[in-house]
1. Within segment 3-56, can you find the residues that are of a type in the set (Lys, Arg), more than 15 Å from the chain's Cα centre (by Cα) and at pLDDT 90 or above?
2. If you go through segment 65-75, how many residues are over 17 Å from LEU101 (Cα atoms) and in contact (Cβ under 8 Å) with a residue 24 or more places away in the chain?
3. Count, please, the residues in segment 44-78 that happen to be surrounded by fewer than 20 Cβ atoms within 10 Å (Cβ to Cβ) and not hydroxyl-bearing (Ser, Thr, Tyr).
4. Residue pairs, Cβ under 7 Å, 6 or more apart or interchain, first in segment 25-37 and farther than 14 Å from ASP111 by Cβ, second outside any helix (DSSP H, G or I) and polar (S, T, N, Q). List them.
5. Going through THR127, THR132 one at a time, which residue ends up being farther than 24 Å from ALA63 by Cα, under 18 Å from the mean Cα position of the chain (by Cα) and either at pLDDT below 85 or among the polar types (S, T, N, Q) (or both)?
Amino acid sequence: MRVIAGSAGGLNLRAPGKETRPTMDRVKEAIFSSLGELIPESRVLDLFAGSGALGIESLSRGASSATFVEQHGPTTAVIRQNLHLTRLSGSVQQMDVFRFLDLYAEEKNFDLVFADPPYLKRVKPGTEATNTADQLLAHPKLPGALSESGFLILECERRQPLPSLARWEIRSDRNYGESRILILANPSQGSAE
């Protein structure tokens, strides 16, 4: 896992433990290729941040700021280590993503929101799987946290049911192996491509 381009391009990042599923480099490369000129000077929010790779890639490519939200303490330590390794700076928040959105998601505060929630998982055999992506898209504060020309970049499992998109407009929907990358906007916003 490495930073692909920009000021920290080519540097390897530390990966968190087995409890996370980092975005593959080729998927990350495709995402940033799609976003292109939207990255420089953008304000970035990296939800379910894991290693911080998406926010760090944004900073390396010229984003003006990045906020990383990750609940797991040892994983937030990895984000801080990766920021130190790349000589980039960002705000690292150790808390539940939904709590962060409830308490700190200010109106029109972010140009790009990356979200890589856990894939569908069953707590117990025979129970209904938790669809964290669906919960995230239904959160009432998330659409308002995007700037007028902002985008939500959601990574979810290719085979999982499409999350509820009642509040969102799909700008891009692509599959990369087991991953599905959706670029979403509030209706009537600018284009990602």
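1. Answer for segment 3-56, where residues must be of a type in the set (Lys, Arg), more than 15 Å from the chain's Cα centre (by Cα) and at pLDDT 90 or above: just ARG14.
2. Total satisfying the criteria: 3.
3. The number of residues fulfilling the criteria is 6.
4. From residues that are farther than 14 Å from ASP111 by Cβ, the pairs are VAL27/SER179; SER34/SER172.
5. THR132
The values are calculated or read from the model by the stated rules, or taken from the named source; none is laboratory data. Owing to the predicted nature of the structure, the values given are computational and were not obtained by experimental measurement. Here Cβ is always computed from backbone atoms with ideal geometry, including for glycine, and neighbour counts include all displayed protein chains.
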